[in-house]
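Coordinate-derived values only; no laboratory data. Just so it is clear, the model here is predicted, and its values are computed rather than measured. As a convention, Cβ positions derive from the backbone with ideal geometry for all residues, glycine included, and neighbour counts pool all protein chains shown.
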Amino acid sequence: MNDDRRTDARLAELIRSGDSEALGELYDRYAAAALATAMRVVRARDEAEDVVHDAFVAVWRKIDRFDADRGSLRAWLMTVVRNRAIDRVRARRPNMDLEVADERSLLRTGPNPTWEAALGRTAATDVQAAMASLPQEQRQAVELAYFEGYTYREVAEITGVAPGTANGRLRLALAKLRDALSGSTAAPLGSSESMFSEDTR
Amino acid sequence: MMNCTTVNELAAAYALGAIEADEERRVAEHLSTCGQQHSDVRSMIEAAALVPVSLEPVAPSAALRGRLMATIAQTPQENAVPATPAQAPQPRAPQPIRSAEPRRPWWQLAPLPASLAAVALAAVVGIGSWNISLNQQLGDRDAALRAVASADAIFAAQGTAGAGWVIESGEQAIFMAEDLLDLPADQLYQLWLIDGDNAPVAVGTVSDTDGVALVTLERDLGSATTFAITVESERVDAPTSEPVLVASLGT
């Protein structure tokens, strides 16, 4: 476990015990990154700050559900921020249940410690370069999905391709991002955009 | 039920939070029960964590921290951590929690303090072996997962029969427990809600104690202050024994 993650785990423990200063320390560590994500989605600073505020309050309220052995506190926080930001701008998805979304986010926050350490050393410029190196259609698919909150089926509609193709673009983009930044030895993820069975097409 | 192939195919969209809610639920359910490693999913989750790193940090206004801390000072945490670890269940038949003879019926005594173990609850939901005992608005484990995920409140129950949780979700309440102590074949656990000094109201029974038990209570929590379980020989209208599991439903 790297230092950041150990510190985060300790912060989570303190927050769970009701230590508000520990939440303040978590804020000091990640508020700027959280605000960057919120602003990318909602575009307006005041509204983005409201999102960040609400996300940290959610972490405070729900910290008992977080298990540092199973996930990254930073990754969970960032997903909570993203959920709230998208909820603000995606009025056409009125059924988004933030409580459910936060809970499910816990299942998607488990980078392994080695990767987490690499992530901690990764500069924004490196990721920007990796994103810029993606084919335009793959970069667009990732941005529509992550920052605009569209599902892969919606991405497919927007970009005029089959759902399987949109999903394949997301898959290829993430695989390239990962490999570009880690020299990953991850198993090959395929080279075709459309690698889906009929039920996801 | 989604299969491994479909889950792997959806890994990137899942990692990015870019699938429909129903698909996400089914992927999560599959991952929580499948014996395969699903390294594709893990890999995609790791890669998705990079996406927000591509943004240059933006310093918040000076006022935001103060506003947040003021809110926190007035915001209770869900399921605050217990001051002491929960007492381990005894390796024998459940005994009444209050063995001394009370001068008042047990349901008029102050409830035991709630100790909270929602992390353990999440583990039970994710990996427990399921024995869904139902009377039955909840039809399946999916519904249970949804209920836990959307819980408005979770109250820990503990006692000599083991440990469990009362989960309030909207107007529905659920009791969930893993591996309650076994009972003789001619006995069952009966569930009660108590509102202050009023008589307990029967809200369900549990007879099969293997794996995870899940019971939708027959009424919502309303203004009830205490949840309790007694051991009975059959379903009864009023408890005939002391409770073996209690949860305080107050704050």
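Data for the structure
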{"item": "Average partner coverage of A:31-39, which counts Cβ from other chains inside 10 Å", "result": "6"}
{"item": "Cα gyration tensor shape of the stretch B:189-246, rounded if a/c is under 1.5, else prolate or oblate by comparing a/b with b/c", "result": "oblate"}
{"item": "Within 10 Å of each Cβ in A:141-151, the average number of Cβ atoms from other chains", "result": "5"}
{"item": "Exposure proxy ranking, count of Cβ atoms within 10 Å, fewest first, for B:22, A:54", "result": "B:22, A:54"}
{"item": "Footprinting exposure proxy for B:6, A:37 (fewest neighbouring C-beta atoms within 10 Å first)", "result": "B:6, A:37"}
{"item": "Cα centroid separation, the stretch A:128-146 to the stretch B:47-71 (Å)", "result": "22"}
{"item": "Neighbour-count ranking [beta-carbon atoms within 10 angstrom, fewest first] of B:242, B:232, A:137", "result": "A:137, B:232, B:242"}
{"item": "Square roots of 5 times each gyration tensor eigenvalue, C-alpha, the stretch A:34-86, largest first, Å", "result": "22, 11, 7"}
{"item": "10 Å Cβ neighbours from other chains, averaged over peptide A:49-61", "result": "4"}
{"item": "Mean Cβ count within 10 Å, highest first, over the residues of peptides B:47-58, A:169-180", "result": "A:169-180, B:47-58"}
